[in-house]
1. Tell me the angle of helix 171-184 to the major Cα principal axis of the chain, expressed in degrees between 0 and 90 and rounded to the nearest ten.
2. Taking the alpha-carbon distance from LYS289 and a cut-off under 26 Å, which lysines remain once sequence neighbours fewer than 8 residues away in the same chain are dropped?
3. For the stretch 263-276, take each phi angle, set θ = phi - 60°, evaluate the Karplus expression 6.51 cos²θ - 1.76 cosθ + 1.60, and give the result in whole Hz per residue in order, putting x for glycine and proline.
4. Just need the relative contact order of the chain here, percent rounded to a whole number, with Cα pairs under 8 Å and 6+ apart.
5. Give me the accessible area per residue for the chain, probe 1.4 Å, as a whole number in Å².
6. Of all the accessible heavy-atom surface of the chain, with the other protein chains kept in place and a 1.4 Å probe, what percent is carbon and sulfur?
7. Build a GNM of the chain with springs between Cα atoms under 10 Å: which of LEU227, LEU112, LEU181 gets the top mean-square fluctuation?
8. Taking only Cα atoms, what is the 0 to 90° angle, nearest 10, from helix 45-56's long axis to the longest principal axis of the chain?
Amino acid sequence: FFPSWFPLTLIPHNFNMLARSSLPISRFLSSSRSAHSVGFIGLGNMGASMASNLLSDGVSLKAFDLNKSVVEDLASKGASVADRVEDMVDCETIITMLPSSPHVQGTVETLLSAGWSGKTWIDSSTIDPIISKSLGETLEAEGKGKIDAPVSGGVKGAAAGTLTFMVGGASSTLESVRPYLSVMGSNIVHCGSNGSGQTAKLCNNLAMAIQMVGTAEALNMGDSLGLDPKILAGIMNTSTSRCWSSDSYNPYPGVLDGVPASNNYEGGFGSSLMLKDLGLATSAAGAVKSATPLGNATKEIYTMMESMEMGGKDFGAVLQFLKGNCGNKKC
């Protein structure tokens, strides 16, 4: 179910039993609906594919994004178009896939002020877990349900409908929207109360970034000492340094086919996005006095990459940064 090059974020101890059912989603959901069942806000590389999968499964969907071309594309597939966030007030369920905590906060405030009549909010953005918990409390005070449901699986997983959802929130709220999540993903893990899904996502990405830097550092060292990167990677992948960043997403060009490193670090998970997640992770850790010395060091490396205009490259491009290959600027 998972793309070969993206991590299995969590061991699926409660693998989704409804994954990819051949029955339309309407068979699982109540026939009593608002004008639109789902309002989808945030249609980037991930969100657009997630919304498209919902449409393909027969979900009544209204779409909003500042990028009008992607909204028009979804309209051609049957979506209704919202010109403003406020136009989502008739949607029973809201799904957000937005860049940052302030974007999500502003969207919640806007819709509540506009008199949103719906029941459930699914936030699949990656944001601060403390803010996510606070938003859950705000929505619950208004009689609404809310889950944080950040994802793993990348652009390919979003397109294929094989995402992993890390869910924080009440079990009853999760069950009420599980059919929607089942259309967009193949693995749904309930992590605990509101904010716990965000915590799981940030812990995973913190470890993933540290592993990537360590893998790149070792491969660069071996190459500099005259060792064939493919031979070294083969040894690492069958020895104690084995990890996903080496055996499934190797950062050295040519070691693996079909990964960003073998495509000039295009596609994949951008270094600027990894820097954002590292910032969220280290900030959350600081708030509870959890030491992150390696996380902080890794964040500094990706901060330097951003300053060298490498933010648009996949985060495996840290190998090129270590080699001193930083585009038009000297590392």
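1. 70 degrees
2. The qualifying lysines are LYS133, LYS201, LYS276, LYS299.
3. 9, 6, 6, 8, x, x, 10, x, 4, 5, 5, 5, 4, 4
4. Computed over the chain, the figure is 15 percent.
5. Here the per-residue accessible area is 43 Å².
6. Its accessible area is 55 percent carbon and sulfur atoms.
7. LEU227
8. Approximately 40 degrees, to the nearest ten.
The values are calculated or read from the model by the stated rules, or taken from the named source; none is laboratory data. Worth saying up front: this structure is predicted, and the values here are computed from it rather than measured. Quick note on the areas: whole protein, heavy atoms, side chains included, nothing else; ligands and nucleic acids left out. Shrake-Rupley method; radii C 1.70, N 1.55, O 1.52, S 1.80 Å.
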